Amino acid sequence: MKIDETPWTREEFTQKLRMEEKKYHIFHPFHLAMREGKLSKAQIQGWVLNRFYYQINLPCKDAAILSNCPDRMVRRKWLQRILDQDGDASSEGGIDTWVHLAKACGISEENLWSLHSVVPGVKFAVDAYVHFARTAPWYEAACSSLTELFAPKIHQQRLDTWPEHYPWVDPSGLQYFRDRIKKANRDVEQGLSITLQYFKTRQQQERAIEILNFKLNVLWSMLDAVSLAYPFKMDEHAHEQH
Ligand code: AHQ
């Protein structure tokens, strides 16, 4: 059977990338329970403690891409992602804002930074993502950030549901989600233009879909590990938890 080698148009390729949304972790049982207000305080805290390992690894992941990228114009823009998380002299970064989220959830800064609660499956998934960024061609690592195509919706969902379902979380802690909506859209603009530029043949385009699925699996398996570590207790009702 002859395999179709015809490259997708830019629109078709973009649509094919967007269609992978069905595998995004917004549909993971843990996230569905979060949206429905079914998570206990321990489960929310476990999620915040574990996601922190992902957050603090983003700057090294992005620096790995920079170190592999020979294109000065790409580097100038990609650099912003590191500042977004690490902050700079004039503004705190996402890592600081995540510390605020943790404190708003009743987690001490010492406990957060100790990383004692980071479970093996989360560490493994995040380390795999950083390893990929260090060893894959820079444009493949750039392509893997395109799960952020779907991120604004998940950030908005938390902003919409946490105040009602998790009133014990100080609302000021939600600032991270607010900040990321605009930044995710800006990130995706560059990530998509790099992907459309560097993945031209049909085979390369199929490779881009494969890369996106690798990263979708990173995010999905993180939630698998968190769900296992912070299981639903049969007799536990979320509303009795705080
Ligand atoms: O807060 C997130 C973030 O800063 C990033 C950067 C980007 C990347 O480089 O892979 N991905 C990402 C994501 C963030 N938040 C996640 C969430 O669920 O809050 C989603 C995640 C992503 O969609 O890849």
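The values are calculated or read from the model by the stated rules, or taken from the named source; none is laboratory data. If you're wondering where the values come from, they're calculated on a predicted model, not measured in any experiment. No Cβ is skipped: glycine too gets one built from the backbone with ideal geometry, and neighbour counts run over all protein chains shown.
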**Request:** Determine, yes or no, whether ALA42 is within 20 Å of PHE124 (Cβ to Cβ) and either hydroxyl-bearing (Ser, Thr, Tyr) or modelled with pLDDT of 95 or more (or both).
**Result:** no
**Complete:** Condition set in a loop (DSSP other than H, G, I, E, B) and surrounded by fewer than 15 Cβ atoms within 10 Å (Cβ to Cβ), scope the range 173-222, selection farthest from the ligand (Cβ to nearest atom): answer is THR201
**Prompt:** Residue check: is VAL169 under 19 Å from the mean Cα position of the chain (by Cα), crowded, with 19+ Cβ neighbours inside 10 Å and either modelled with pLDDT of 95 or more or not β-branched (Val, Ile, Thr) (or both)?
**Reply:** no
**Request:** Could you check, for the range 232-242, whether at least one of its residues is crowded, with 21+ Cβ neighbours inside 10 Å and not in a loop (DSSP other than H, G, I, E, B)?
**Result:** no
**Message:** So LEU149 passes all but one of these: (1) among the aliphatic types (A, V, I, L, M); (2) away from the ligand (no atom under 16 Å from the Cβ); (3) touching an Asp or Glu at 6+ places or on another chain (Cβ under 8 Å). Which condition number does it fail?
**Reply:** (2)
**Item:** Verdict on LEU39 being in contact with a Ser or Thr (Cβ under 6 Å, 6 or more places away or on another chain), over 27 Å from ILE209 (Cβ atoms) and not hydroxyl-bearing (Ser, Thr, Tyr)
**Value:** no
**Message:** Suppose we keep only residues that are β-branched (Val, Ile, Thr) and within 16 Å of the ligand (Cβ to nearest atom) within the range 119-134. Which one would you say is surrounded by the most Cβ atoms within 10 Å (Cβ to Cβ)?
**Reply:** VAL122
**Fill in**
Within the range 134-172, residues within 20 Å of ALA102 (Cβ to Cβ), in a helix (DSSP H, G or I) and not aromatic (Phe, Trp, Tyr) come out as ALA151, ILE154, HIS155, GLN157, ARG158, LEU159, THR161, PRO163, HIS165, PRO171, SER172
**Request:** Identify all residues within the range 92-126 that are of a type in the set (S, T, N, Q) and touching a residue at least 24 places away in the same chain (Cβ under 8 Å); write none if there are none.
**Result:** THR97, ASN111, SER117
**Prompt:** What number of residues within the range 17-61 satisfy the criterion of being closer than 14 Å to TRP162 by Cα and free of Cβ contacts under 8 Å to residues at least 40 places away in the same chain?
**Reply:** 1
**Fill in**
Within the range 60-103, restricting to residues that are surrounded by 19 or more Cβ atoms within 10 Å (Cβ to Cβ) and away from the ligand (no atom under 13 Å from the Cβ), the one that is farthest from TYR198 (Cα to Cα) is ALA102
**Complete:** Those residues of the range 152-166 which are surrounded by 14 or more Cβ atoms within 10 Å (Cβ to Cβ) and away from the ligand (no atom under 12 Å from the Cβ) amount to THR161, TRP162, HIS165, TYR166
